[in-house]
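Participant: One structure, pasted below without further comment.
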Amino acid sequence: MANPDRELLRLLEAYAQAHGVSGHEDAVRAIFVRETAGRSHACDGLGGVTASPPREGRGPRVVLTAHMDEIGFLVQSVTPDGFLRLVPVGGWPDGVLAAQRLRVLSRATGREHVGVVAALPPHQGGTQAASVERMSVDLGARSAEAVAALGIVPGDPVAPDGPFTALSEPGRYLSKAFDNRVGMTALTLATRELDAGPPCAADIIAVATAQEEVGCRGAAVAARLSRPDVAIVLEGPPADDVPGLRGPDSQGVLGGGVQLRAYDPTAIMSPRLVDLARAVAAEEGIPVQLAVRRTGGTDARAFQAFGHGVPVIVLGVPARYIHTHQSVVDLDDLRACVALTVALARRLGPAAVAGLTKFL
């Protein structure tokens, strides 16, 4: 029998290190399809994947979903002396880019090339580009012709270069793209566990969406393909247990358990589904952090609006420093996310699902 911790780490590293900027999720999609072998796969027109059980029709359609994409850039142009100019894909905070490494993917060759964001030392003024619009990327190329010889052209995707690294505290890891490759890992592991156990009273549909970081576009399409009666969105939300944020309102603490989101400005989660998830977690001894967020949003907003309306919930693995080159997660939170996803999905039989939307 495979070591579950080794398998979790293998999946998490593979997903996190895959090059998958919004609209260019090919490598992540390939992992998901491979790791959910035995299910029936279908793609929507934006590249999202639905992995359905071999036999459907057992009951309501319970969608477990996570987005594949990460924030990054696209090559906009190449200067005569071989530097790249980029446009952002997704939300980048100012001040986090100077002197950082990037991975430029040539779509023509399939090869990645490492570059660095140009930065000046104090000897030369030390004023760094504060925004993507002002920054340049140095590939070490001597000219625009040298860049072209690498197969790099405008429109090629660029991802952060953030290695997967074990930190000194056991169970804590550093990498790029934990938003949302922790969600993809949880989705894969939960789907496998549900498939390996006794039959559920519902059809469990695993959905990997595209283009969440640019407005949840893929989820709107994936909802039409997967036709959910209930949706459980798996995410890598921002942790708020760092200096400057830590306080009584902290609702995303590393090691505190799976984050259960009840609200953000883009979606009001089903109160009945939130209550059920909390009850299941209490019965199963799964640590939970209830979150009511003032900012942010997830694919829940698109799934919620499908058809006549879908009860949704967001389960998250808190990650420090998301939307930068490096983020930090605790594996205990990932395990708790998988455990609650599985336990909740098993409770969502016909009567439970019908009760979520019985208002009259």
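Nothing in this text is a laboratory measurement; each read-out follows from the coordinates by a stated rule. This is a predicted model, so every value here is computed, not measured. For neighbour counting, all protein chains shown are included, and Cβ atoms are generated from backbone atoms with ideal geometry for every residue, glycine included.
Participant: With everything on Cα atoms, drop me the angle between helix 331-347 and the longest principal axis of the chain, reported from 0 to 90° to the nearest 10.
Facilitator: 40
Participant: Then there is this: What distance in nm separates the two pseudo spin-label positions at ALA149 and PHE359, each 7 Å out from Cα along the beta-carbon direction?
Facilitator: 6.5
Participant: Would any residue of the range 302-324 have its amide N under 19 Å from a label point 7 Å out along Cα→Cβ of SER131? List them or say none.
Facilitator: 324
Participant: Quick one: 3J(HN,Hα) in Hz for the range 206-222, Karplus 6.51/-1.76/1.60 with θ = phi - 60°, rounded, Gly and Pro as x.
Facilitator: Rounded to whole hertz, the list is 8, 10, 9, 9, 9, 6, 5, 5, 10, x, 6, 5, x, 5, 4, 6, 5.
Participant: Considering the options ALA277, VAL89, ALA118, tell which one lies farthest towards the positive end of the dipole of the chain, charges being +1 on Lys and Arg and -1 on Asp and Glu at the Cβ, about the Cα centre.
Facilitator: In the chain, that residue is ALA277.
Participant: If you don't mind, there's one more thing I want to ask. Taking amide hydrogens as modeled 1.01 Å from N in the peptide plane, which residues meet the under 5 Å criterion relative to LEU64, leaving out close sequence neighbours?
Facilitator: Those lying under 5 Å, H to H, from LEU64 are ILE205, ALA206, VAL207, ILE232.
Participant: Using per-residue counts of other Cβ atoms within 10 Å, averaged over each peptide, order 339-348, 177-186 from highest down.
Facilitator: 177-186, 339-348
Participant: Can you work out the Karplus-derived ³J(HN,Hα) for every residue in the range 249-255? Use 6.51 cos²θ - 1.76 cosθ + 1.60 with θ = phi - 60°, whole Hz, and x for glycine or proline.
Facilitator: Per-residue couplings from phi come out as 8, 5, 10, x, 9, 4, x Hz.
Participant: Report the full-extension gain for the segment ALA305 to ARG6: residue separation times 0.36 nm, less the Cα-Cα distance, to one decimal in nm.
Facilitator: Full extension of this stretch gives 103.8 nm more.
Participant: For ALA99 and SER40, calculate 0.36 nm times their separation in residues minus their Cα-Cα distance, and state this gained length in nm to one decimal.
Facilitator: 16.9 nm
Participant: In what sequence, highest mean first, do 271-277, 258-264, 168-174 appear when ranked by Cβ atoms within 10 angstrom?
Facilitator: Highest mean packing first, the order is 258-264, 271-277, 168-174.
Participant: For the chain, take the longest principal axis of its alpha carbons; what is the angle in degrees between that and the long axis of helix 4-17, to the nearest 10 within 0 to 90?
Facilitator: 40
Participant: Could you list CYS216, CYS337, CYS43 in order of exposure, starting from the residue whose Cβ has the fewest other Cβ atoms within 10 Å?
Facilitator: CYS43, CYS216, CYS337
Participant: When the chain is fully extended, how far beyond the present Cα-Cα distance does LEU290 get from ALA351, taking 0.36 nm per residue of separation?
Facilitator: Result for the pair: 19.4 nm of gain on full extension.
Participant: Further, regarding this structure: Tell me whether the range 73-160 comes out rounded, prolate or oblate; compute the Cα gyration tensor, take square roots of the eigenvalues as a ≥ b ≥ c, and use a/c under 1.5 as the rounded threshold.
Facilitator: oblate
Participant: Helix 26-35 versus the longest principal axis of the chain: what is the Cα-based angle in degrees, 0 to 90, to the nearest 10?
Facilitator: The two axes meet at around 40 degrees.
Participant: Ok, one more. Lys/Arg Cβ at +1, Asp/Glu Cβ at -1, dipole of the chain taken about the Cα centre: which of LEU150, VAL242, ALA206 is farthest positive-ward?
Facilitator: Positive-most Cα among the choices belongs to ALA206.
Participant: Between the range 313-349 and the range 267-290, what's the alpha-carbon centroid distance in Å?
Facilitator: Here the two parts' Cα centres lie 13 Å apart.
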